[in-house]
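Please treat every number below as a calculation from the coordinates, not as lab data. Because the structure is predicted, anything quoted here is derived from the model rather than measured.
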């Protein structure tokens with residue numbers, strides 16, 4: 001485990017404390033779960049961005065290949 005010092009906005013801290021008292025969950029575990037959730041969310045956004053980029057590259061090449069096939073004279 002690593003120790004981290006944080007400066008948290010007071011309103012966010014107060015809301016978190018209110019939720020923790022209702023959940024009866026340790027603050028440390030709650031924060032770890034929140035960071036884990038946010039990391040997964042950010043990784044999905046990164047993957048989505050990469051897939052969109054790669055899909056655009058493949059799509060463009062597919063259109064070029066289709067045009068090449070259209071230009072072929074099969075001599076019917």
Just need log10 I(q)/I(0) for the chain at q = 0.11, 0.15, 0.24 Å⁻¹, Debye formula, equal scatterers on the alpha-carbon atoms, no solvent, rounded to two decimals.
-0.56, -0.74, -1.12
From DSSP H assignment alone, runs of 4+ in the chain each adding -39500 (n - 2.57), the sum over residues rounded to the nearest 500 puts [θ] at 222 nm at -28000 deg cm²/dmol
Helix axis angle, 10-23 relative to the chain longest principal axis, alpha carbon, degrees
80
Can you tell me the orientation of helix 27-71 relative to the chain, as the angle in degrees between its alpha-carbon axis and the longest Cα principal axis, to the nearest 10?
10
So how much slack lies between residue 10 and residue 30, counting 0.36 nm per residue of separation and subtracting their Cα-Cα distance, in nm?
5.5 nm
